Amino acid sequence: MKKNPAEQQSRDRMEPGALTIEGFLGTDDRPLADIIAADTAEVEAAGLTIEELGAFLEGLHKTADAGWEGRVPACNGKITVRSDETLGQISCPFTSCGDHCHKAVIGVKDAAGNDLLEFTPLDAHLIRKHGFFQGKGSPYRIGPKKLIAFYRFCKG
Amino acid sequence: MMTFLIAVGSLVAICGILALLLVIADRYLNDYGICKLIINKGSREEDVEGGSTLLNSLNSAGVFIPSACGGQGSCGLCKLKVHSGAPPVLPTEEPHLSPEEVSEHVRLCCQLKVHEDMELEIPEELFNIREFEGTVESLTDLNHDIKRLRVALPEGEELDIIPGQYVQIETPAYKKTPEPVYRAYSIATDPHDKTHIDLVIRLVPGGICTTFVFEHMEPGQPIKLNGPYGDFRLTDTEKEMIFIAGGSGMAPFLSMLAHMRNENIQRKVTYFFGARAKRDLICLDEMKAFEEALPNFKFVPCLSEPMPDDNWDGDTGLVTDVMKQHCPDLSNMEAYLCGSPGMCDASVVALTGNGMPEENIFFDKFS
Ligand SMILES: Cc1cc2nc3c(=O)[nH]c(=O)nc-3n(C[C@H](O)[C@H](O)[C@H](O)COP(=O)(O)OP(=O)(O)OC[C@H]3O[C@@H](n4cnc5c(N)ncnc54)[C@H](O)[C@@H]3O)c2cc1C
Ligand code: FES
Ligand SMILES: [Zn+2]
């Protein structure tokens, strides 16, 4: 497939070892536009938008931050969130963007203490701003199906 | 049939020629040769190989520009005035530059590639920042996911630090990481010891540098580091202080407390250290020793999720809530924070909520 220079520069930053150890693409060699279009279509078919899903995760990160190392209730007590944070920030791999996010992993549990989801602040940004859920096989990819189910559980 | 074969053959030949032309063009277009970095109106000139970032080119010439993100474009610290030889401001620079800075030719040198001669302005004090090839002297477990790394500087070398400053260490190329990467770590060393650098490093699962430190680093290995950098430091007022940290945020406070002990600084200080359970606490013996040496120092560990067999009778809850209970009026105090930006923001809300003026709160805002 043909890749334009801007896409190639972003892809270079998504390679393993560039910004992160495993990179963002997993085993997916589709053009970024195709990866984004396929996942966005799935979100829209469910009557949601990528902005809603990404902003929801960003909000959960903000809630978790208030706890330092502690677990904080969210969504009327349906879930608890805790942020495993380190210092330092990680840049968005899209070269046209310039945004950066905290290095953290946010763990979400249900009220009974079962693990529901793990995401990073960069995941939330990539989904909200770029509709990019990462390539298939990327260790941090959260597929739209899983995220939509989680969102409905929290909001329902 | 013959016509078809000729057509296919011609197509293959044309593609081959085009590919060759691309390779040749790439070779020539990307070979920038030797470029000159003309620093401070020519008071210093460095010849560097073109094609690399300005940050790396300066590093290779022995000029170290502050950076906390290893050149990813996220910390905004590597600002320099570039008067010629740079392209227009890039999207990755925009969030860090004010309109005044743009008009004064301030640029992020980690984002610029050296493609031609460049004229730069570099503050003289940055020429004091140095790079060392030290040796890993020891790597000690502080708990299940935090290690203390002790680096011996090369024989005869000394480094003066101000407690609160940080260094950058180089992670060499390994496994999937094709190029060395740099990461920042706060210095935990007693400032009297000028021949070692101590760091407190927390494992970030899947992190480039911390995975290297935890899985591949061994005593005796060489390690490159540069610094010291940063303005996070104790003020010289007499104000009562609060320290707040969690996890590896302990590092700068080890150095600050050692400095207070060395200089017999008797300011009142309460250190709130947030952890989940007892297994996450670190440096308890050192904190006890500081409490003995500094009568006005109190260490308050607080656990947010103590385990039943922790038998914990200390403070429990979120560190910010515990701090608010202990210190209802903060109007005449100072606070020093070491944690992620989100955690620092949460602390600022809690501290100002109990009356602390925002200008009395100190932390590395870019971290
Ligand atoms: C001034 C300063 C002082 C510091 N002092 C200390 C200190 O004293 N001790 C200490 O331990 N640290 C300190 N740090 C942090 C340190 O610099 C590093 O940021 C930290 O150790 C992590 O580095 P790493 O290379 O292991 O992780 P990295 O590889 O840089 O980042 C890993 C993180 O990136 C994110 N990520 C990775 N891949 C993906 C993906 N595909 N999708 C979405 N997100 C992803 C995740 O959040 C993951 O947790 C300091 C930082 C600064 C700026
Ligand atoms: S080193 Fe340039 S932004 Fe961090
Ligand atoms: Zn982005």
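The values are calculated or read from the model by the stated rules, or taken from the named source; none is laboratory data. Given the structure is predicted, the values throughout are model-derived calculations rather than measurements. Every residue, glycine as well, gets a Cβ built from its backbone with ideal geometry; the counts of neighbours run over all protein chains shown. Calculation scope for accessible area: heavy atoms of the full protein, side chains included, ligands and nucleic acids excluded. Shrake-Rupley method; radii C 1.70, N 1.55, O 1.52, S 1.80 Å.
For the protein assembly as shown, count all C-alpha to C-alpha pairs, find those more than 43 Å apart, and express that count as a whole percent of the total.
Percentage above 43 Å: 23.
Would you kindly derive the ³J(HN,Hα) couplings of the range B:155-162 from the backbone phi angles with the Karplus curve 6.51 cos²θ - 1.76 cosθ + 1.60 (θ = phi - 60°), listing them in order in whole Hz, with x for Gly and Pro?
Listing the rounded values in order: 2, x, 8, 10, 10, 8, 10, 9 Hz.
Scan around B:LEU120 for amide H atoms under 5 Å from its own, H built in the peptide plane at 1.01 Å from N, and keep only partners 5 or more places away or cross-chain.
Here the answer is B:ILE38, B:ILE39, B:ASN40, B:LYS41, B:HIS83, since their amide H atoms fall under 5 Å of that of B:LEU120.
Counting only residues 5 or more places away or on other chains, whose amide H sits under 5 Å from the amide H of B:VAL300 once H atoms are built in the peptide plane?
It is B:TYR271, B:PHE272, B:PHE273, by chain and number.
What is the ratio of the Cα radius of gyration of the range B:277-367 to 2.2 N^0.38 Å, with N the residue count, to two decimals?
That ratio works out to 1.18.
Taking square-rooted eigenvalues a ≥ b ≥ c of the alpha carbon gyration tensor, is the range B:216-325 rounded, prolate or oblate, where a/c under 1.5 means rounded and, failing that, a/b exceeding b/c means prolate?
oblate
In peptide A:78-87, how many Cβ atoms from other protein chains are near each Cβ within 10 Å, on average? Kindly include the intermediate steps, with their values, before the conclusion.
On the way: counts 0, 0, 0, 0, 3, 3, 7, 10, 13, 22.
Average per residue, whole number: 6.
Chain B: percent of C-alpha pairs farther apart than 39 Å?
Summing the P(r) of chain B above 39 Å gives 28 percent of all pairs.
I'd like the interface area for chains A and B: accessible area of each alone minus the complex, both sides summed, 1.4 Å probe, protein heavy atoms only. What is it in Å² to the nearest 100? Working shown, then result.
Numbers: alone 8250 and 18900 Å², together 24050 Å².
Approximately 3100 Å² gets buried when A meets B.
Just need the relative contact order of chain B here, percent rounded to a whole number, with Cα pairs under 8 Å and 6+ apart.
Values: 701 pairs, mean separation 46.3, N = 367.
For chain B, the relative contact order is 13 percent.
Using θ = phi - 60° and the Karplus curve 6.51 cos²θ - 1.76 cosθ + 1.60, what whole-Hz ³J(HN,Hα) does each residue of the range B:92-102 get, with Gly and Pro shown as x?
6, 8, 3, x, 9, 10, 7, x, 5, 4, 4
What is the distance, in nm, between label points placed 7 Å from the Cα along the Cα-to-Cβ direction at B:GLU263 and at B:ASP47?
Roughly 4.6 nm, to one decimal.
Inside 10 Å of the C-beta atoms of B:196-203, what's the mean count of C-beta atoms belonging to other chains?
1
Pairing the Cα long axis of helix A:50-65 with the longest principal axis of chain A, what angle in degrees results, from 0 to 90 and rounded to the nearest 10?
50 degrees
Just the accessible area for A:HIS102, please: 1.4 Å probe, Å², rounded to the nearest 10?
40 Å²
Would you please name the GluC sites (Glu not before Pro) within the range B:214-289 that are DSSP coil residues with at most 13 other C-beta atoms within 10 Å of their C-beta?
Taking the range B:214-289 and a limit of 13 other Cβ atoms within 10 Å, the loop GluC sites (Glu not before Pro) found are B:GLU238, B:GLU263.
Give the long-range amide H neighbours of A:TYR140: residues separated by 5 or more places, or on another chain, with amide H under 5 Å away, using H modelled in the peptide plane at 1.01 Å from N.
Those qualifying (amide H under 5 Å, at least 5 residues apart or on another chain) number zero.
Classify the range A:5-155 as rounded, prolate or oblate from the Cα gyration tensor: take a ≥ b ≥ c as the square roots of its eigenvalues, call it rounded if a/c is under 1.5, otherwise prolate when a/b beats b/c and oblate if not.
Working: a/c = 2.09, a/b = 1.39, b/c = 1.50.
Cα axes put the range A:5-155 in the oblate bin.
Per-residue ellipticity at 222 nm for chain B, helices alone: DSSP H runs ≥ 4 residues times -39500 (n - 2.57), over residue total, nearest 500 deg cm²/dmol? Show your work: numbers first, answer last.
Values: 8 runs with 91 residues, N = 367.
After summing the helix terms and dividing by residue count, I get -7500 deg cm²/dmol.
Which whole number gives the average, over all residues in A:91-97, of C-beta atoms from other chains lying within 10 Å of the residue C-beta?
That works out to 4 on average.
Can you list the lysines whose alpha carbon is less than 29 Å from that of B:LYS298, not counting same-chain residues fewer than 8 positions off?
Cross-link targets: B:LYS147, B:LYS194, B:LYS239, B:LYS268, B:LYS278, B:LYS288, B:LYS324, B:LYS365.
Less than 13 Å Cβ to Cβ from B:SER98, Lys/Arg counted +1 and Asp/Glu -1: what total charge do the surrounding residues give? Please report the intermediate quantities before stating the final value.
Values: positive: B:LYS79, B:ARG107; negative: B:GLU93, B:GLU94, B:GLU100, B:GLU101, B:GLU104.
Computed value for this residue: -3.
So for the pair B:ASN332, B:GLU240, with labels modelled 7 Å out along Cα→Cβ, what separation do we get in nm?
0.9 nm
For A:PHE132, A:PHE153, give the ranking by accessible area with the largest first, probe 1.4 Å. Intermediate values should be presented prior to the final figure.
Working: A:PHE132 0, A:PHE153 90 Å².
Output order, biggest surface exposure first: A:PHE153, A:PHE132.
Could you tell me what percent of the accessible area of the range A:5-155 is made up of carbon and sulfur, with a 1.4 Å probe and every protein chain present?
53 percent
Per residue of the range B:194-205, what does 6.51 cos²θ - 1.76 cosθ + 1.60 with θ = phi - 60° give for ³J(HN,Hα)? Whole Hz please, x for Gly and Pro, Karplus curve as stated.
Computed from phi, the couplings for the range B:194-205 are 8, 10, 10, 10, 9, 10, 10, 10, 9, 5, 9, x Hz.
Return the distance in nm (one decimal) between the two label points of a simple spin-label model at A:LYS145 and A:ALA111, each offset 7 Å from Cα along Cα→Cβ.
That separation, rounded to one decimal, is 2.8 nm.
Ranked from the most accessible area to the least, with a 1.4 Å probe and all protein chains present, what is the order of B:TYR182, A:TYR140? Write down the numbers at each step before the final one.
On the way: B:TYR182 40, A:TYR140 90 Å².
Descending order: A:TYR140, B:TYR182.
Can you tell me the alpha carbon radius of gyration of the range A:3-70 divided by the globular rule-of-thumb value 2.2 N^0.38 Å?
1.43
Counting only the heavy atoms of the protein chains, how much of B:ILE129 is accessible to a 1.4 Å probe, in Å² to the nearest 10?
Per-residue accessible area (B:ILE129): approximately 20 Å².
Per DSSP helix of 4 or more residues, -39500 (n - 2.57); summed, then divided by the residues of chain A. What does that give at 222 nm, rounded to the nearest 500? Before the final figure, lay out the partial values.
On the way: 5 runs with 62 residues, N = 156.
That calculation yields -12500 deg cm²/dmol at 222 nm.
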